[in-house]
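The values are calculated or read from the model by the stated rules, or taken from the named source; none is laboratory data. From a predicted model like this one, the values you see are computed outputs, not experimental measurements. Note: ideal-geometry Cβ built from the backbone for every residue, glycine included; neighbour counts use all protein chains shown. Please note that ligands, DNA and RNA were not included when accessible areas were found on the heavy atoms of the full protein model with its side chains. Shrake-Rupley method; radii C 1.70, N 1.55, O 1.52, S 1.80 Å.
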There are 2 protein chains.
Amino acid sequence: MVGLGLIGGSVMRAAATAGHDVFGYNRSVDVVQAARFDGFDVTDNLDEALARAADSTALIVIAVPMPALPRMLERIRAVAPDCPLTDVISVKGGVLEQVKGFGLLERFVGGHPMAGTAHSGWAASDGRLFVGAPWVISVDEHVDVDVWTLVMDLALSCQAVVVPARSDEHDAAAASISHLPHLLAESLALTASEVPLAFALAAGSFRDGTRVAGTAPSLVRAMCEANADELLPLLDRTLTQLKDARDGLAAQGSVAELVEAGHAARMRYESFSRPDIIATVIGADNWRDELAAAGRAGGVIRSALPVLGNRG
Amino acid sequence: MVGLGLIGGSVMRAAATAGHDVFGYNRSVDVVQAARFDGFDVTDNLDEALARAADSTALIVIAVPMPALPRMLERIRAVAPDCPLTDVISVKGGVLEQVKGFGLLERFVGGHPMAGTAHSGWAASDGRLFVGAPWVISVDEHVDVDVWTLVMDLALSCQAVVVPARSDEHDAAAASISHLPHLLAESLALTASEVPLAFALAAGSFRDGTRVAGTAPSLVRAMCEANADELLPLLDRTLTQLKDARDGLAAQGSVAELVEAGHAARMRYESFSRPDIIATVIGADNWRDELAAAGRAGGVIRSALPVLGNRG
C-alpha cells in the first residue's frame, strides 16, 4: 500500500483481515506511528517499501492523491518496475496517461473503489468500508490477464463487488455520480447559509443534499479538477436543466418538466438491476470487451471469475 | 385531521398515542377504510367531520395538498368557523393569504412539521415521524395566544421541537433547505441517467444527492410552485454559483471558490446550536417578536412554555 489515507488505510485493513500479507508506506511519521500502533507493518521510507515489493513481486496499490502520483511513479520505475501495479484514485484517464508516461503501462490495471465517507485520513479508515461497494477495475485494451486477476482478487477480498469498465467510461460516469453531486452539494450549502432561519429548519433533504459538502475541500477539488474534461459537459447539462426549470417557474409557474424527468430517472436507478457476471473467462477471446459491455449493463463480479489456463 | 396522507396520517397516529381525542376526514374511501382498519375514527364525509369539530370546538388540522385548500376553507367557514385552526402545509405565506381571504384569520395559526420521507399516503404514515423534527409554528402579528398554545401542545405531543417563525421567513428558509434541494436532486438524477455506466457506479453521494427525487412529482411540484416567489431568487443564486464554478474550471482548472465556501457553510451548519427557548411567556408583551427572534437564532421549544394568566 502506497498511501494510508481513508481509502489506502481501509484497503490495508480489509486485505489484512482477508489474510493477505500486506505492508505499506505513508510519508507522514504520525500516520506511520498510528498504523503501527494498530498492528500494521508500515514505513515512512518509500524506497524501502518499494524494494521490499520488488523482492516479492508484490502487487503495488497506489493510494495517494493525484498530485502526488508522478513522484510515486518515478520511484516505482526506479525501484520496482516489474511489480504488478494498481491504484485507487478516483479519476482513471489521468492516471492511465501518467502511468503510460512513466513506461509502466504493461503491468498496470487501474482501479477505483467507489466508497468513501465525509471523513478522511488513517483515523477514518475502516476495513468494512468496501463491503458491497462497487470497485471499478479497468478493462482497457492493454490490461494483462495476471495483473487483472490479482486486482480482482484484492477487490473481492475487501468484499467489494467488481465493476469492469473502460477508463474513459468510468470517468464520465464518475463525473455524473460523484463529482457533479459534490458541486451541487457545495452550492446548496452555500445558498442556504445566506438565508436567515435556514439552518434552524434544516431537515432530511438539506442534510442529505449537503452531506458530501463535509468532505475536505482539497479532496473535492482534486477529484473535480482532475476530471474537468468529463465534468464540464455535465455541469453545462445541469445548468441548462435548472435554468429551464427556473424560466418555467417564472413564466408558467411550473417545474413539471424537470420534476417529472428527475423522478423518472430516480425510479430507473432504484430498479436498476445488478446481474452477476459469471460467464466470462479472463483471458479468453474478447474478454476485455465482454467485461466492459457487461459492466455497462449493470453487471458485477461477486466471486472470482475463471482464468484461461489452469487457474480458477 | 382534515386529510390523512403521510403527514396528516402521522399526526393522527402521534396525537392518538399521546392521548388526544382525535378524529379525521379523508376524501378517499380506500384511505378511510385503511385508517379504520388501523383503529382510527375517520370518515369520508367532510361536513360531518367538521360539524363534529364545531360541537366540541376541536382544533382543526388541515393536512391536504395546497390545491385542495380553498374547498376545505370554504367548508370550514360554513360549518365550523369558530374552531381553532392550523395546517401542516409546507408553504406558509400562501396558506395565510387564503385563510385571510376566507375570513378565518382570527382563529388560525399556521404550522409546518419539517419531516417527510420519499413515500407518501396513509400507508407510509408513522406516529414517530416527527420525533426530534422541527415543527414550525407561525408567530405572525395576528396569532392568538390560546390557539398558539394548542398548536404548540399538539407539536410537542408528536415529540417534535417547535421552531417559532414568521410565515415569510419560513417560506424563504423552506425554499433554501427543502424546495431547492428537491430541484437539484431532480437535475442530478436526470443528468446521471443519460450517462452510460453511471447507475452501475452510483454510490453514497449519488444515492444521498438524489434521495428526494424519489418523492412523488405532484408533491414536489406543489411545494415548489406554491413558493415560487421565494424559490426563484435562490435558484438564480445557485445558477450563478454553478456557472462561476463551471467557468473557473474551464478557464483556470479550479473549483476552489465554490468548494471552499460550500464546505465552510456545511461546517457552520454542523456546528449550529439549538438552544432551548424557556424564558418567553406566551401572551406577554412582544411575545411574538421575542419568539421570532429566538427561532431565527436557532432556538427551539422542547417543553411547553408558560402562558400569561393561570395556565402553564
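Think of a 1.4 Å ball rolled over the protein heavy atoms: the protein assembly as shown then has 39 Å² of accessible area per residue. Note on region A:85-144 and region A:1-67: Cα centroid distance 15 Å, given to the nearest whole angstrom.
Surface composition of region A:1-140: carbon plus sulfur atoms contribute 50% of the solvent-accessible area (1.4 Å probe, protein chains only, all chains present).
When Rg and the Kirkwood radius Rh are both evaluated on Cα atoms of the protein assembly as shown, their ratio Rg/Rh stands at 1.06. Using a Gaussian network model of chain A in which every pair of alpha carbons under 10 angstrom is joined by a spring, one finds that among A:Leu219, A:Leu190, A:Leu59 the greatest mean-square fluctuation is at A:Leu190.
For peptide B:222-230, how many partner chain Cβ atoms fall within 10 Å of a residue's Cβ, on average? Each step should come with its number before you reach the end.
Details: counts 0, 2, 8, 8, 1, 1, 6, 1, 1.
If you average over the peptide's residues, the count of other-chain Cβ atoms is 3.
Loop-resident GluC sites (Glu not before Pro) (DSSP state other than H, G, I, E or B) in region B:169-201 with no more than 15 further Cβ atoms inside 10 Å of their Cβ: B:Glu194.
Take B:Asp168, push a point 7 Å out from Cα through the beta-carbon direction, and compare it with the same point in every other copy: 5.5 nm, smallest first. Backbone geometry of region A:72-77 corresponds, through the Karplus equation with coefficients 6.51, -1.76 and 1.60 at θ = phi - 60°, to 3J(HN,Hα) couplings of 5, 5, 5, 6, 5, 4 Hz, x marking Gly and Pro.
Ranking B:Ala265, B:Ala213, B:Leu232 by how far each Cα lies toward the positive end of the dipole of region B:210-273 (charges on Cβ) leaves B:Ala213 at the top. Of the residues B:Val195, B:Ala160, B:Thr149, the one whose Cα sits farthest toward the positive end of the charge dipole of region B:89-239, with +1 on the Cβ of Lys and Arg and -1 on the Cβ of Asp and Glu, is B:Val195. Can you classify region B:31-97 as rounded, prolate or oblate using the Cα gyration tensor, where a ≥ b ≥ c are the square roots of its eigenvalues, rounded means a/c under 1.5, and otherwise it's prolate if a/b beats b/c and oblate if not? Cα axes put region B:31-97 in the oblate bin.
Contact order normalised by length for chain A, with contacts defined as Cα pairs under 8 Å and 6 or more residues apart; what percent is it?
Values: 492 pairs, mean separation 50.3, N = 312.
For chain A, the relative contact order is 16 percent.
Label-point spacing at B:His119 relative to the other copies reads 3.1 nm, in ascending order, each point sitting 7 Å out from Cα along Cα→Cβ. Identify which of A:Pro84, A:Pro217, A:Pro70 has the largest mean-square fluctuation in a Gaussian network model of chain A, with springs joining Cα atoms closer than 10 Å. Residue with maximal mean-square fluctuation among A:Pro84, A:Pro217, A:Pro70: A:Pro217. The spacing between region A:277-294 and region A:161-214, judged by their C-alpha centroids, is 33 Å.
If you line up the long axis of helix A:6-17 against the longest principal axis of chain A, both from Cα atoms, how many degrees apart are they, to the nearest 10? With both axes taken from Cα atoms, the answer is about 50 degrees.
Note on region B:233-312: with charges restricted to the Cβ of Lys and Arg (+1) and Asp and Glu (-1), its dipole about the Cα centre is near 280 debye. Compactness of region A:64-135 is given as radius of gyration and Dmax, 13.5, 36 Å, from Cα positions.
In region B:145-235, which trypsin sites (Lys or Arg not before Pro) are in a loop and have at most 10 other Cβ atoms within 10 Å, using DSSP for the loop call? Mind dumping the intermediate values first?
Details: sites: B:Arg166, B:Arg207, B:Arg211, B:Arg221; in loops: B:Arg166.
Of the trypsin sites (Lys or Arg not before Pro), not one in the loops of region B:145-235 has a Cβ with at most 10 other Cβ atoms within 10 Å.
For A:Arg27, the distances from its label point to the matching points in the remaining copies are 6.5 nm, ordered from shortest, with each point set 7 Å beyond Cα toward Cβ.
Could you state the angle between the C-alpha long axis of helix A:217-226 and the longest principal axis of the C-alpha atoms of chain A, as a value from 0 to 90 degrees rounded to the nearest 10? Between helix and principal axis, roughly 80 degrees.
Compute for chains A and B the buried accessible surface, both sides summed, probe 1.4 Å, and express it in Å² to the nearest 100.
Working: alone 16100 and 16080 Å², together 24330 Å².
For chain A against chain B, roughly 7900 Å² becomes buried.
Could you work out how far helix B:180-193 tilts from the main Cα principal axis of chain B, as a 0 to 90 degree angle to the nearest 10? That works out to roughly 50 degrees.
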